[in-house]
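Just so it is clear, none of the values below were taken in a lab; they were calculated from the coordinates. Just so we're clear, the structure is a prediction, and the values are computed from it rather than from any experiment. Heads up, the Cβs are rebuilt from the backbone with ideal geometry, glycines too, and the neighbour counts pull from every protein chain shown.
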């Protein structure tokens, strides 16, 4: 990002009277998380954004392996700094009896337990939903798995790309000649989002009724939900949507076109009213919609190459600003094809003051505010923790002495 996009620190949120700072909605909620990689950390970071105390339990011998995915952010992993701000890091060997004792004490004070351990690991540690309910009935358990905790694939490992393949997403993505995965971890993000909303729902239910519901989300079923439209299209049309690159598989015209300046502009026609206006204003051809090949969306999809060739010829004779002006005049949604660097300098992010400074062990970084804004509240944008940074403070809070803590460290428990 350019320097001018870095804002001053946000003001402390105030109540309507302007006198008293507002507490974040989840202040007072404690989340214990045995998490790694993306899905569970994404869910718990959002809880931390809302003020929950998130205790991230990490292995003493290196911690969350996402810490070492890359070294691109001042020597730190881009994934880790994205997913783990505002958390407390506790190193703990939960297989060791002394480590298990610490975990049990933390659970005795917790509201939520989140885990995305490998298949069977939670049951072996007696922190699966049923075991947890017997010892800590007030704690809401959230399990994030690959394919569910029961069923024929319960014991199968799952990672984002594998789930993208199993749900059929990769078969939809890319060009006619070559399939491609989504450029971000969509299965992990989907699962994290559903875990987050499930935990909020369970907290609400507990507050209203006193009953505790276990939350379970699988990467496969989360992404399966996102596959709803192509699944219905395939089931009831008899064929799956085609791979058409950056175009929309079932709407036309909807995709990228090149201007006279060799820049890419994308447009999205959503209905026949827009199509008629687009032809009249942007293409200067008001009679085009009368052509039976282009009269309906289904017809345009069937004759996509012909539609695209008409648009391409027109746009190739116009500069980019003219194309965008005509699209705006026609009321047709449009965009430029940005790089990630251009996205970082996007005027909407700057104009809406979406950037904040977050501390990390490697130095301050810029982070985007969460997309959900709550009137009068700014989310917690606290530091990304170093491995085990809060271990001693947490243990002292549980009554451990310096001597005991030193012994735990010597024995590799923390």
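Annotations
- The helix-only estimate of mean residue ellipticity at 222 nm for the chain, built from DSSP H runs of length n ≥ 4 each weighted as -39500 (n - 2.57), is -10500 deg cm²/dmol after division by the residue total.
- The distance linking the stretch 185-230 with the stretch 89-124 is 21 Å (Cα centroid to Cα centroid, whole angstrom).
- Working from Cα pairs under 8 Å separated by at least six residues, relative contact order for the stretch 254-336 is 44 percent.
- With the simple model of a label 7 Å out from the Cα in the direction of the Cβ, residue 335 to residue 124 spans 4.3 nm.
- Of the peptides 209-215, 326-332, the ranking by mean beta-carbon count within 10 Å, highest at the top, reads 326-332, 209-215.
- Near-label residues of the stretch 371-385 by backbone N, under 18 Å of a point 7 Å along Cα→Cβ of residue 353: 371-382
- Here the gap between residue 373 and residue 208, fully extended at 0.36 nm per residue and compared with their Cα-Cα distance, gives a gain of 57.0 nm.
- Nearest 10 degrees, 0 to 90: helix 39-49 Cα axis against the chain principal axis: 80 degrees
- Of the residues 350, 39, 122, the one that moves most in a GNM of the chain with alpha-carbon contacts below 10 Å is 350.
- In this structure, residue 184 and residue 138 have a Cβ-Cβ separation that, at R0 = 41 Å, corresponds to a calculated FRET efficiency of about 0.70.
- With all pairs of different C-alpha atoms in the average, the Kirkwood value for the hydrodynamic radius of the stretch 254-336 is 12.5 Å.
- Take the Cα of residue 104, go 7 Å toward its beta carbon, and the backbone nitrogen atoms of the stretch 128-146 under 12 Å from that spot belong to 135-136.
- Between the entries [x] 47, 26, 20; [y] 43, 22, 17; [z] 41, 24, 21, the label attached to semi-axes √(5λ) of the Cα gyration tensor in Å calculated for this structure is [x].
- Mean Cβ neighbour count within 10 Å, used as a protection proxy, ranking 46-56, 111-121 highest first: 46-56, 111-121
- Rel. contact order, % - alpha carbon contacts under 8 angstrom, at least six apart, the chain: 20 percent
- Ranked by the mean number of other Cβ atoms within 10 Å of their residues, highest first, the peptides 141-152, 368-379, 403-414 fall in the order 141-152, 403-414, 368-379.
- In this simple spin-label approximation, residue 296 and residue 284 carry label points 7 Å from Cα along the Cα→Cβ vector, and these lie 3.2 nm apart.
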